[in-house]
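Here's the structure, in structure tokens; my notes come after.
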Amino acid sequence: MATYDVAITVPEGWTAVTQGSPQPDSTQWVVASRSEALTVVANRFVVKTRSWRAASGQAIQLATYLFPEEAALSDEYLDASARYLDAYIPILGPYPFSQFAVVENFFPSGLGMPSFTLLGSGVIKRHYIQPYALGHEIVHSWIGNGVFNRVSEGNWVEGLTTYLANYYYHELTGDQAQAREQRRHMLLGYSVYIRSGDDYPVERFSQKHDEKDNAIGYQKSAMVFHLLRQELGDATFWRGIRQLSDRYLGKVAGWKELERLFEEVAGLDLRWFFAQWIERAGAPELAITGLQLYPLHGTAGDPRTIEAVVQVQQAGDAYQAPVDLEFELAGGRRHVVRVRVREGQDRWVVPLSERPLAVRLDPDIHLFRRVARSDMPPMLNLYVTDGVRTVVPPSMPSTEHTSPFTELVQRIMTQEQAKPSISPTTIFPSERREGQLPNGSVLMLGGPLDNVVAMDALRGCGERIRVTESGFTVQGKTYDGPGMALLVSCRRDDQPDSVVTMLYGTSPQALGRVARLLFFYGWQSYVVFQDGAVVARGDWEDKMSPEVRFDQP
Ligand SMILES: [Zn+2]
């Protein structure tokens with residue numbers, strides 16, 4: 001690792017940007033913080049700078065280096081940079097550099113460099129200021145570019161950065177609903193892409209090459225920090241995070257250093273924790289397997305009149321972790337107790353003031369665990385990850401109306417040829433218009449009018465979806481007109497691990513853009529588009545938190 005003095009000469013009209021601080025004439029840069037490498041970027045930038053002082057008092061120069069076409073977005077990026085720096089300085093300590101710059105790249109990139117982030121034009125145009133985007137790159141200023149990862153021992157940097165930026169920013173700004181949604185998404189990401197037994201431990205993750213690496217090295221790893229926080233309590237956990245940047249700024253750290261540091265800060269032996277979550281592949285799978293209610297004959301005046309005995313079983317080797325049990329009481333009231341799973345089978349006795357209607361395990365999704373496919377909300381990604389997939393093209397001969405579908409089918413086939421590892425998709429022969437759909441998940445192109453098989457396949461949607469001549473109805477709300485399109489997934493009622501997904505549009509224009517970007521909309525049960533833009537989205541019920549309802553007396 002080294003520090004640098006850099007002199008840069010560029011042609012007239014060009015500007016260069018690199019790490020560290022620019023000197024007044026912008027051709028000299030002083031890179032005082034030690035770093036693993038030096039990156040210099042030059043282009044015909046429009047440069048905008050802002051001398052800014054963080055709430056902590058630290059002076060930081062904010063800058064954007066954008067192409068003329070995007071220069072108008074400068075203030076949006078400067079404002080967002082200031083917002084994230086003010087959010088993370090109290091958590092991670094002083095910002096390790098004197099400048100933070102957003103630099104536009106003609107290659108599609110999203111890279112966090114010491115003191116700047118290098119972003120492709122495509123993402124700059126799309127207002128890339130969200131916590132998972134600009135927020136993530138700013139956290140890398142400390143985690144990854146301030147404290148370096150020991151690359152020979154896996155990669156904890158992406159998990160912690162994902163936890164602090166993509167997830168924790170929502171908690172920090174008080175958006176509890178969005179924070180829960182992020183936790184839910186991390187469990188879904190892992191459970192959709194990682195089949196049981198087709199897994200590797202977090203410590204073996206080094207770099208993201210595919211969705212599986214993302215699920216382990218980003219999502220599971222981020223949840224491991226959430227579990228560590230619950231294990232240690234907020235005060236100790238955040239003291240540890242702060243110590244990490246204080247002690248290791250300009251140095252390398254691996255999982256072992258993190259383990260030692262948190263043990264020291266907490267005064268606890270955490271070997272079991274890191275062995276369980278970092279060195280072992282997989283995730284807990286929990287089910288409520290027993291439930292009884294007993295009347296309590298306590299002392300007079302004691303409000304506890306009933307005792308619930310709850311039994312939870314883990315599949316496979318047992319994990320140790322805290323988990324919430326939520327009792328639903330009359331009038332929608334809730335009573336939550338935190339218990340701890342330890343053995344393959346655990347049993348708790350919980351006194352209650354009244355007879356509960358139901359009990360749920362981990363209702364707010366704080367535990368990292370595997371969710372069965374049949375318990376997830378139906379969504380396109382269940383089709384994508386099904387071992388048996390069938391595309392059903394419209395039964396009508398190819399017309400202007402069906403051409404977005406023809407292109408989509410061609411694209412799916414081309415992509416599969418490039419990835420021979422995945423099982424091939426079957427195309428349902430268009431002359432066979434009757435009889436049974438094949439097993440597994442089905443992607444149906446066109447509505448019931450284009451496609452006679454559609455009617456039957458949509459049975460799993462029940463009353464939630466209705467297709468009309470000029471539009472459709474989703475849960476009672478009608479969408480009409482030539483620009484409307486619907487992507488909807490429902491469970492196959494005879495095969496709960498598989499889904500039927502329908503892509504329907506009221507005109508070819510409504511479908512063009514949607515069909516091209518189809519696989520970006522994989523996480524929801526339904527998405528409604530108007531002229532290619534999302535106007536509504538949502539999920540059918542999921543069963544991600546195991547629940548048992550009590551029989552009424
Ligand atoms: Zn990252």
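Computed from the coordinates by the stated procedures, all read-outs in this text should not be read as laboratory data. Predicted model only: the values in this text are computed from it and were never measured. Cβ sites come from the backbone with ideal geometry, for glycine too, and all protein chains shown count toward neighbours.
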Practice item. Using a Förster distance of 35 angstrom, determine the FRET efficiency expected from the C-beta separation of T173 and S109, and round it to 0.05. Key: 0.80
Practice item. List the aspartates and glutamates whose Cα lies under 14 Å from the Cα of K419, skipping any in the same chain that are fewer than 8 positions away. Key: D210, E211
**Study point:** Cα gyration tensor shape for the stretch 266-306, rounded if a/c is under 1.5, else prolate or oblate
**Key:** oblate
Review point. What are the residues whose amide H is under 5 Å from the amide H of A536, where those residues sit 5 or more places off or on another chain and H is modelled from the backbone?
Key: V528
Exercise for review: Let me know the shape class of the stretch 149-277, please: from the alpha-carbon gyration tensor, a ≥ b ≥ c as square roots of the eigenvalues, rounded when a/c is under 1.5, otherwise prolate if a/b is greater than b/c, or oblate.
Suggested key: oblate
Exercise for review: Note down the nm distance, to one decimal, between modelled labels 7 Å out along Cα→Cβ at E469 and at T9.
Suggested key: 7.6
Exercise for review: Averaging sequence separations of C-alpha pairs under 8 Å and six or more residues apart, then dividing by the length of the stretch 149-277, give the relative contact order as a whole percent.
Suggested key: 32
**Study point:** the stretch 410-553, dipole about Cα centre (Lys/Arg Cβ +1, Asp/Glu Cβ -1), debye to the nearest 20
**Key:** 380
Check your understanding: aspartates and glutamates near K477 by alpha-carbon distance under 15 Å, same-chain residues fewer than 8 away left out - which ones?
Key -> E463, D539
Check your understanding: Karplus couplings for the stretch 53-65 from phi (6.51 cos²θ - 1.76 cosθ + 1.60, θ = phi - 60°), rounded to Hz, Gly and Pro as x?
Key -> 10, 5, 4, 6, x, 5, 8, 9, 8, 9, 8, 10, 10
Point to revise | Sequence-distant residues sharing a close amide H with L352 (under 5 Å, placed H) | key: T305, I306, E307, A308
Review point. So what is the calculated 222 nm ellipticity per residue for the chain, using -39500 (n - 2.57) for each DSSP H run with n of 4 or more, over all residues, to the nearest 500 deg cm²/dmol?
Key: -7500 deg cm²/dmol
Point to revise | N439 versus Q509: modelled label distance in nm, points set 7 Å from Cα along the beta carbon direction | key: 4.5
Review point. Residues with beta-carbon under 14 Å from that of M1, excluding M1: net charge, scoring Lys, Arg +1 and Asp, Glu -1?
Key: +2
Exercise for review: Express in nm, to one decimal, how much length is gained between Q345 and T414 on full extension, taking 0.36 nm for each residue of separation and deducting their alpha carbon distance.
Suggested key: 20.1 nm
**Study point:** Mean Cα-pair separation over length for the chain, i.e. relative contact order, pairs under 8 Å, 6 or more apart, %
**Key:** 9
Exercise for review: In nm, give the distance between the simple-model label positions of A32 and L329, each being 7 Å from the Cα along the Cα-to-Cβ direction.
Suggested key: 5.9
Exercise for review: Please order I422, I143 by the number of other Cβ within 10 Å, starting at the fewest.
Suggested key: I422, I143
Study note, to complete from the structure: Answer in debye to the nearest 20: the dipole magnitude of the chain about its Cα centre, from +1 Lys/Arg and -1 Asp/Glu charges placed on Cβ, is 320
Practice item. Quick one: order F472, F520 by neighbouring beta-carbon count within 10 Å, fewest to most. Key: F520, F472
Practice item. Using only the C-alpha atoms of the chain, find the volume of their convex hull and express it per residue in Å³. Key: 190
Practice item. Return the whole-Å distance between the Cα centroid of the stretch 146-166 and the Cα centroid of the stretch 223-248. Key: 13
Practice item. Please arrange M223, M413, M444 by counting, for each residue, the other beta carbons lying within 10 Å of its beta carbon, fewest first. Key: M413, M444, M223
Review point. Label 7 Å along Cα→Cβ of T289; the stretch 340-357 residues with amide nitrogen under 16 Å?
Key: 341-348
